[in-house]
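Here's the structure we're looking at; comments come further down.
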Amino acid sequence: MKRYEEWADTVIGQIRRKMEWVSEKNRDKIPYRTDKNGDYDDRSDPSGQWRPDDGLNWWTNGFWGGILWLLYQDTGEERYARIARISERKMEKCFQDFYGLHHDVGFMFVPTAVADYKLTGNPDSRRTALHGATLLAGRFNPVGRFIRAWNDLEEDTRGWAIIDCMFNLSLLYWASEESGDPRFRQIAMLHADTVREHFVRPDGSVCHIVEFDPQTGERVKSHGGQGYGEGSSWTRGQGWALYGFMISYIHTGRREYLDTARQVADYCLANIPDSGIIPVDFCQPAEPAYEDSCGACVIAGGFLELAGRLPAGEREAYEDAAVRILRTIADSRADFGPDCDAIVQNCSAAYHSPEHHFTMSYADYYFIEAVYKVKGVGRLLW
Ligand code: GLY
């Protein structure tokens with residue numbers, strides 16, 4: 001994207017300078033968010049009191065390694081690979097634990113093990129990633145044709161699927177491409193077809209959670225999940241759908257996945273505020289003005305993948321929207337200085353959470369990834 005290359009070069013310089021010290025400072029951690037002093041926490045802290053789905057099983061644990069692999073791709077510096085592997089090795093222990101694992105093995109092991117294998121050919125990473133893919137495939141409900149999201153912690157979730165899982169499908173596509181066994185890819189496509197049918201609304205907005213009867217496979221209802229409410233449009237979920245359907249399109253070439261991604265993208269385009277700041281939910285009230293910079297970066301990444309597969313004349317609107325979002329983050333929601341380990345600020349986990357506007361490691365991941373996309377460098381890890 002020639003017209004934005006100069007901007008991307010400037011931001012890549014800021015990212016490189018920041019990640020040089022952030023990576024060394026946190027080399028033995030698996031960070032999720034920063035504390036009030038700007039220091040990253042550590043999801044791999046063995047003394048932590050974690051829920052079964054937290055600690056080493058926490059779904060975002062792959063993004064720290066992912067950031068480091070993005071920097072490795074960019075700079076070729078071995079130390080980024082070395083630090084990424086510290087977290088990858090720690091995360092392999094999840095398989096022994098097993099009970100706390102969930103469908104997000106895709107989010108966990110694509111930016112770590114798959115990235116390591118794709119970029120360096122590491123045979124240990126190949127085994128880890130195939131192990132993760134096998135567990136993910138085992139969560140498929142063949143009657144409802146969906147991948148079960150979570151385990152029962154506070155309620156019965158045997159029939160629950162969530163839009164975020166569109167990203168986990170990447171691990172299944174990779175496993176089929178790598179092993180030659182079509183089962184993984186077949187499961188991924190069946191799940192993607194179910195999401196097209198039951199999650200995507202005619203206007204291009206999407207449900208966060210859809211509940212099916214786990215015995216009959218019939219759709220029971222949708223839940224608002226991390227968004228404003230049932231029937232609303234959680235912005236990060238829009239991003240998971242848009243970018244997620246692009247991943248399915250890239251791996252299968254099926255036109256309907258591209259069309260669905262575009263339908264979701266057009267809904268986003270029509271609802272992005274003039275400020276370029278992305279709310280937690282496109283349907284939330286004006287006040288309180290909760291925002292989610294993380295959802296913003298995921299949407300931007302999805303726009304860029306979509307734009308890259310469209311002809312000239314059709315792609316520019318998505319490119320411009322992506323860069324507008326990323327510029328807004330870089331100019332007013334980013335910290336490139338020494339006082340905070342994270343770059344992207346003002347993220348929100350969910351609309352109804354008691355706390356808003358903090359940092360999240362995966363916001364940094366999607367921001368950095370999207371800036372490299374604008375520059376046109378780096379291999380797609382998904
Ligand atoms: N996958 C959960 C989230 O986006 O917060």
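The values are calculated or read from the model by the stated rules, or taken from the named source; none is laboratory data. Please read these numbers as outputs of a predicted model, since none were measured by experiment. Here Cβ is always computed from backbone atoms with ideal geometry, including for glycine, and neighbour counts include all displayed protein chains.
A few points about this structure:
- Some residue of region 82-95 being closer than 11 Å to residue 132 by Cβ and surrounded by fewer than 20 Cβ atoms within 10 Å (Cβ to Cβ): yes
- Test: residue in region 318-335 that is charged (D, E, K, R), buried (at least 20 other Cβ atoms within 10 Å of the Cβ), touching a helix residue (DSSP H, G or I) at 6+ places or on another chain (Cβ under 7 Å) and part of a helix (DSSP H, G or I): yes
- Against the conditions (1) away from the ligand (no atom under 16 Å from the Cβ); (2) under 18 Å from the mean Cα position of the chain (by Cα), residue 82 satisfies every one except (2).
- Candidate set from region 259-317 (those that are among the polar types (S, T, N, Q) and not in a loop (DSSP other than H, G, I, E, B)); member that is surrounded by the fewest Cβ atoms within 10 Å (Cβ to Cβ): 271
- Of all residues in region 207-241, those that are over 16 Å from residue 148 (Cβ atoms), within 13 Å of the ligand (Cβ to nearest atom) and assigned to a strand (DSSP E or B) total 1.
Residue-wise test of (1) within 16 Å of residue 161 (Cβ to Cβ); (2) under 20 Å from the mean Cα position of the chain (by Cα).
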| position | (1), (2) |
| --- | --- |
| 213 | yes, no |
| 220 | yes, no |
| 226 | yes, yes |
| 231 | no, no |
| 234 | yes, yes |
| 254 | no, no |
| 259 | no, no |
| 262 | no, yes |
| 272 | no, yes |
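- Checked against the criterion of being more than 16 Å from the ligand (Cβ to nearest atom), under 15 Å from residue 301 (Cβ atoms), aliphatic (A, V, I, L, M) and modelled with pLDDT of 95 or more, the candidates 270, 265 yield just one match: 265.
- Counting only residues that are in contact (Cβ under 8 Å) with a residue 60 or more places away in the chain and in a loop (DSSP other than H, G, I, E, B), region 354-382 holds 11 of them.
- Residue count for region 158-182, restricted to those that are in a loop (DSSP other than H, G, I, E, B) and touching a residue at least 12 places away in the same chain (Cβ under 8 Å): 4
- Scanning region 31-75 for residues that are within 15 Å of the ligand (Cβ to nearest atom) and hydroxyl-bearing (Ser, Thr, Tyr) yields 32, 60.
- Selected residue (criterion: nearest to residue 358 (Cα to Cα)) from residues of region 285-335 that are within 16 Å of the ligand (Cβ to nearest atom) and out of contact with any strand residue (DSSP E or B) (no Cβ under 9 Å at 6 or more places or on another chain): 298
- Checked against the criterion of being within 16 Å of the ligand (Cβ to nearest atom), small (Gly, Ala, Ser) and part of a loop (DSSP other than H, G, I, E, B), region 132-146 has no qualifying residue.
- Matching residues, region 183-197, being in contact (Cβ under 8 Å) with a residue 40 or more places away in the chain and either among the acidic types (Asp, Glu) or away from the ligand (no atom under 16 Å from the Cβ) (or both): 183, 184, 185, 187, 188, 189, 190, 192, 193, 194, 196
- Within region 13-27, residues that are within 13 Å of residue 64 (Cβ to Cβ) have Cβ atoms under 9 Å from residues that are among the charged types (D, E, K, R) and outside any helix (DSSP H, G or I) in these pairs: 22/341; 25/39; 25/341; 26/39; 26/42; 26/341, counting only partners at least 6 apart in sequence or on another chain.
- Condition check for residue 154: among the acidic types (Asp, Glu), surrounded by fewer than 21 Cβ atoms within 10 Å (Cβ to Cβ) and free of Cβ contacts under 8 Å to residues at least 24 places away in the same chain: yes
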